[in-house]
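Engineer: Can you keep this structure in mind? I'll have questions shortly.
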Amino acid sequence: MSGIVIERILKEHLVEGKMAPGEEVALKIDQTLTQDATGTMVYQQFEAIGIPRVRTELSVSYVDHNTLQTDFMNPDDHRYLQSVAMRYGLYFSRPGNGICHQLHLERFARPGKTLIGSDSHTPTAGGIGSFAIGAGGLDVAVAMAGMPYRIKYPAIVGVKLTGKLPDWVSAKDVILEVLRRIDVNGGMGNVLEYFGPGVKTLSVPERATITNMGSETGATSSVFPSDEVTRAFMEAQERGDQWIPLEADDDATYDEIMELNLSELEPLAALPHSPGNVKPVREIAGIEVQQVVIGSCTNSSLRDLKIVANVLKGQTIADNLHLTINPGSRQVVEHLIESGELRYLVAAGARILENACGPCIGMGAAPPSRGTSIRTFNRNFEGRSGTKDAEVFLVSPEVAAATAIKGVLTDPRDLGAYPQIEMPQRFIINDNLFIPPFPPEEAARVEIIRGPNIKPLPDFSPLPDTLGGEVLIKVGDNITTDHIMPAGAKILPLRSNIPAISKHVFEVVDPDFPARASEKGGGFIIGGENYGQGSSREHAVLAPKYLGVKAVIVKSFARIHLANLINFGIVPLTFKAPVDYDSIDMGDNLGVVIGELRDDVRLRNLTKDTEIELTHALSPLDAEILKTGGKLPWVKAKVEKK
Ligand code: MIC
Ligand code: SF4
């Protein structure tokens, strides 16, 4: 590959390594973002590293996930986060301001910059031409301390867009089509770079819908070029001075090419329980629906809610369902108020929730038992909605709005004329819910507020050479972090309290897991392909680690989860021969000598009296970090030496 956008950005940020697919490279990180559900751990880790102030160009701490305040826990977390931001030189985005990715796109993301965020949908900023990656919280803390971020250099898949989206078909259908083709693991190890004549037909927020949900393919990131459309968006956000052009050369080459003709797309839906389970809406239309939920970092921009408002204008939602809407940001709401379009939504019967993640992460609006929920979100994993037996479909705002009126899953093309919407030339800029970084002297005087919900980080000790114990659970393919460490209104408030949250590990799969793990003194997890897909939450490692999990042995790992396992000292191993997965059962007694983790290792199954070979993708540095007990003690030692 050559002459492409990603290569340009990475060349400028390369600190160490060779720019060839699969090689480990270290990158300079310009910007970081965190959200509250992962953020409290990030900042405790940052505090433990012991740096007086962030060393990035820009770091922002957002509050958008844990906004239900049913007791002291979430507000305690918010106060902690605000005081940390003031103390260490970050921007703080107060609750009510909006969803981190939407806000970052509106106010901070820049073409050509690198961004890592403690949230898997950080690639949203790829819509403006940033190279933006979701990472585990500790990696974000380390980047804030000015150290480079390490990734395997990706293979670049060029997605060539031609044509123009037909009426009633939108950006969500583009990424659903990509998911239909490559599924939830087809992007692993890759970056998707969009190019071709179709690009200019998409606005920046539409591009961001596509890069946002690119995360569901397992891709490291997705990126669009920065062109005149990008310039217009940034000017409308009064950030024209931050625009730079960044486009691939005409004769650019990619490692692989995928062609997608926008004109040929139709409304699509991801069926339960996977974002990769995609079908045309017309094939499944008519399913009765109990709720429609619009919002999330994928589909809550002004463009999206304007479409919804104009579809609902003068209508009433169907009797058999309810409709909730979470706008992506306060800027979006201010525009809808000014244009009068908010009234169409309210008058039609929509319940307007706050500008936050809300139902996307199980914070309210759970569907009824066995209910069908039509959502504009990016994930429909089992149980994530808060109702274990609910059926969640992922669709565009157009499909959601049409369904809200008709009461059954509806192909919006049945509604007739596509509403014409008018986008503002200039956005309403009101940054008063951002607290800007304090100057150093003032910052140094800020006291960090730690309420009783903020529990200290667990201790991590060096790993022994031999690991032994029972198989505590055996799971199949595509296990998500929502299976391993569920979220939702009851569990999310425990994010700052590892002992308490660990009681919920694998709750949707096997509620006895935590008790069994503790009783057996820890042990092993066995899994299939793409283990740990989905979110960046480190709690899916911290909590199992707390319960004594020593190694996870699977057919393959999802990228961020693998990094988190290394960061917190759980050994990630893979079967050399995937069929060996079948030879191990729950309750088997295993032993493995890991030594220095340089080479493959042999696993002894003492119950079955067999031996198999395991391998790993650990670099010498990863192995060193693991053996030290994880990245925190390792980074601390480095910083102290300096
Ligand atoms: C998600 O969409 O699953 C989340 C909640 O945003 C997570 C982060 C978290 O678990 O806090 C993510 O995507 O990384
Ligand atoms: Fe929030 Fe949902 Fe986006 Fe995650 S996917 S950041 S929970 S809106």
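Engineer: Restricting to the range 411-424, give me the number of residues that are of a type outside the set (Asp, Glu) and either assigned to a helix (DSSP H, G or I) or farther than 17 Å from residue 166 by Cα (or both).
Structural biologist: Summing the residues that are of a type outside the set (Asp, Glu) and either assigned to a helix (DSSP H, G or I) or farther than 17 Å from residue 166 by Cα (or both) in the range 411-424 gives 5.
Engineer: Any residue in the range 526-543 that's closer than 16 Å to residue 213 by Cβ: show its pairings with residues that are outside any loop (DSSP other than H, G, I, E, B) and within 12 Å of ligand 1 (Cβ to nearest atom) at Cβ separation under 6 Å, as long as the two are six or more apart or on different chains.
Structural biologist: From the range 526-543, the pairs are 533/480; 534/480; 534/481; 534/482; 535/481; 536/134; 536/560.
Engineer: Inspect all residues belonging to the range 331-347 and state whether any of them is more than 16 Å from ligand 1 (Cβ to nearest atom), in contact (Cβ under 8 Å) with a residue 24 or more places away in the chain, of a type outside the set (A, V, I, L, M) and in contact with a strand residue (DSSP E or B) (Cβ under 8 Å, 6 or more places away or on another chain).
Structural biologist: yes
Engineer: Identify, please: which residue in the range 183-224 is outside any loop (DSSP other than H, G, I, E, B), under 11 Å from residue 157 (Cα atoms) and not polar (S, T, N, Q) and is, among those, farthest from ligand 2 (Cβ to nearest atom)? Walk me through it before giving the result.
Structural biologist: First, pick out the residues of the range 183-224 that are outside any loop (DSSP other than H, G, I, E, B): 183-185, 190-195, 199-201, 204-217, 221-223.
Narrowing further to those that are under 11 Å from residue 157 (Cα atoms): 190-195, 221-223.
Going one step further and asking which of them are not polar (S, T, N, Q), we end up with 191-195, 223.
On the way: 191: 20, 192: 18, 193: 22, 194: 20, 195: 26, 223: 18 Å.
Residue satisfying both the conditions and the ranking: 195.
Engineer: Return the pairs, sorted by first residue and then second, in which the second residue is within 16 Å of ligand 1 (Cβ to nearest atom), the first residue lies in the range 291-304 and is aromatic (Phe, Trp, Tyr), the beta carbons are less than 6 Å apart, and the residues are 6+ apart or on different chains.
Structural biologist: From the range 291-304, no pairs qualify.
Engineer: Which members of the range 282-292 meet the condition of being in a strand (DSSP E or B) and buried (at least 16 other Cβ atoms within 10 Å of the Cβ)? Give the derivation first.
Structural biologist: Of the range 282-292, the ones in a strand (DSSP E or B) are 288, 291-292.
Once the filter is applied, which keeps residues that are in a strand (DSSP E or B) and buried (at least 16 other Cβ atoms within 10 Å of the Cβ), the range 282-292 yields 291, 292.
Engineer: OK, next. Among all residue pairs at least 6 apart or on different chains, which show Cβ distances below 7 Å where the first residue, located in the range 260-281, is assigned to a loop (DSSP other than H, G, I, E, B) and the second is surrounded by fewer than 20 Cβ atoms within 10 Å (Cβ to Cβ) and hydrophobic (A, V, I, L, M, F, W, C)?
Structural biologist: 265/165; 277/271
Engineer: Going residue by residue through the range 492-512, is there one that turns out to be at pLDDT 95 or above, over 26 Å from the mean Cα position of the chain (by Cα) and charged (D, E, K, R)?
Structural biologist: yes
Engineer: Hey, does the range 30-51 have a residue that's closer than 25 Å to residue 154 by Cβ, surrounded by fewer than 17 Cβ atoms within 10 Å (Cβ to Cβ) and of a type outside the set (Ser, Thr, Tyr)? Spell out the reasoning first.
Structural biologist: Taking the range 30-51 and keeping what is closer than 25 Å to residue 154 by Cβ, we get 30-35, 38, 42.
With the extra rule that they be surrounded by fewer than 17 Cβ atoms within 10 Å (Cβ to Cβ), the set shrinks to none.
Among the residues of the range 30-51, not one is closer than 25 Å to residue 154 by Cβ, surrounded by fewer than 17 Cβ atoms within 10 Å (Cβ to Cβ) and of a type outside the set (Ser, Thr, Tyr), which makes the answer no.
Engineer: Next up: Restricting the search to the range 373-386, which residues are more than 12 Å from ligand 2 (Cβ to nearest atom) and touching a strand residue (DSSP E or B) at 6+ places or on another chain (Cβ under 8 Å)? Let's see the steps before the verdict.
Structural biologist: Just the residues of the range 373-386 that are more than 12 Å from ligand 2 (Cβ to nearest atom), to begin with: 373-374, 382-383, 386.
Correct list: 373, 374.
Engineer: Kindly check whether there is at least one residue in the range 575-583 that is surrounded by 24 or more Cβ atoms within 10 Å (Cβ to Cβ), away from ligand 1 (no atom under 16 Å from the Cβ) and either over 13 Å from residue 474 (Cα atoms) or modelled with pLDDT of 95 or more (or both).
Structural biologist: We begin by selecting, within the range 575-583, every residue surrounded by 24 or more Cβ atoms within 10 Å (Cβ to Cβ); these are none.
Scanning the range 575-583 turns up no residue that is surrounded by 24 or more Cβ atoms within 10 Å (Cβ to Cβ), away from ligand 1 (no atom under 16 Å from the Cβ) and either over 13 Å from residue 474 (Cα atoms) or modelled with pLDDT of 95 or more (or both).
Engineer: Here are some conditions: (1) among the hydrophobic types (A, V, I, L, M, F, W, C); (2) assigned to a strand (DSSP E or B); (3) over 24 Å from residue 254 (Cβ atoms). Residue 54 meets all but one. Which one does it not meet?
Structural biologist: The single condition residue 54 does not satisfy is (2).
Engineer: Right, another one. Can you go through 365, 402, 348 and tell me which one is under 23 Å from residue 485 (Cα atoms), hydrophobic (A, V, I, L, M, F, W, C) and either more than 16 Å from ligand 2 (Cβ to nearest atom) or modelled with pLDDT of 95 or more (or both)?
Structural biologist: Details: 402 fails: under 23 Å from residue 485 (Cα atoms); 348 fails: under 23 Å from residue 485 (Cα atoms).
Result of the check over 365, 402, 348: 365.
Engineer: Given the conditions (1) of a type outside the set (Lys, Arg); (2) part of a loop (DSSP other than H, G, I, E, B); (3) touching a residue at least 40 places away in the same chain (Cβ under 8 Å), report the number of the one that residue 307 does not fulfil.
Structural biologist: Here residue 307 meets the rest and fails (2).
Per-residue answers, yes or no, for (1) more than 27 Å from residue 236 (Cα to Cα); (2) part of a loop (DSSP other than H, G, I, E, B); (3) within 16 Å of ligand 1 (Cβ to nearest atom); (4) at pLDDT 95 or above:
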site: 66; (1), (2), (3), (4): yes, yes, yes, yes
site: 78; (1), (2), (3), (4): yes, no, yes, yes
site: 84; (1), (2), (3), (4): yes, no, no, yes
site: 101; (1), (2), (3), (4): no, no, yes, yes
site: 151; (1), (2), (3), (4): yes, no, no, yes
site: 159; (1), (2), (3), (4): yes, no, no, yes
site: 166; (1), (2), (3), (4): no, yes, no, yes
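Engineer: Being under 30 Å from residue 14 (Cβ atoms), away from ligand 2 (no atom under 16 Å from the Cβ) and in contact with a strand residue (DSSP E or B) (Cβ under 7 Å, 6 or more places away or on another chain) is true for just one of 58, 115. Which residue is that? Steps first, answer last, please.
Structural biologist: Details: 115 fails: away from ligand 2 (no atom under 16 Å from the Cβ).
Criteria check complete, one pass: 58.
Engineer: If you don't mind, another one. Which ones in the range 220-251 are surrounded by 17 or more Cβ atoms within 10 Å (Cβ to Cβ) and either at pLDDT below 95 or hydroxyl-bearing (Ser, Thr, Tyr) (or both)?
Structural biologist: Across the range 220-251, the qualifying residues are 220, 221, 222, 226, 230.
Engineer: Since residue 522 meets every condition but one in (1) touching a Phe, Trp or Tyr at 6+ places or on another chain (Cβ under 8 Å); (2) at positive phi; (3) not hydrophobic (A, V, I, L, M, F, W, C), which condition does it not meet?
Structural biologist: Failing condition for residue 522: (1).
Engineer: Turning to a different aspect of this structure: Filter the range 369-389 down to the residues that are over 21 Å from residue 532 (Cα atoms), in contact (Cβ under 8 Å) with a residue 40 or more places away in the chain and assigned to a loop (DSSP other than H, G, I, E, B) and list them by number.
Structural biologist: Those that are over 21 Å from residue 532 (Cα atoms), in contact (Cβ under 8 Å) with a residue 40 or more places away in the chain and assigned to a loop (DSSP other than H, G, I, E, B): 371, 376.
Engineer: Right, something else. For residue 125, state whether it is part of a loop (DSSP other than H, G, I, E, B) and within 30 Å of residue 238 (Cβ to Cβ).
Structural biologist: Details: part of a loop (DSSP other than H, G, I, E, B): no; within 30 Å of residue 238 (Cβ to Cβ): yes.
No.
The values are calculated or read from the model by the stated rules, or taken from the named source; none is laboratory data. Just so you know, these numbers come straight off a predicted model, no measurement behind them. No Cβ is skipped: glycine too gets one built from the backbone with ideal geometry, and neighbour counts run over all protein chains shown.
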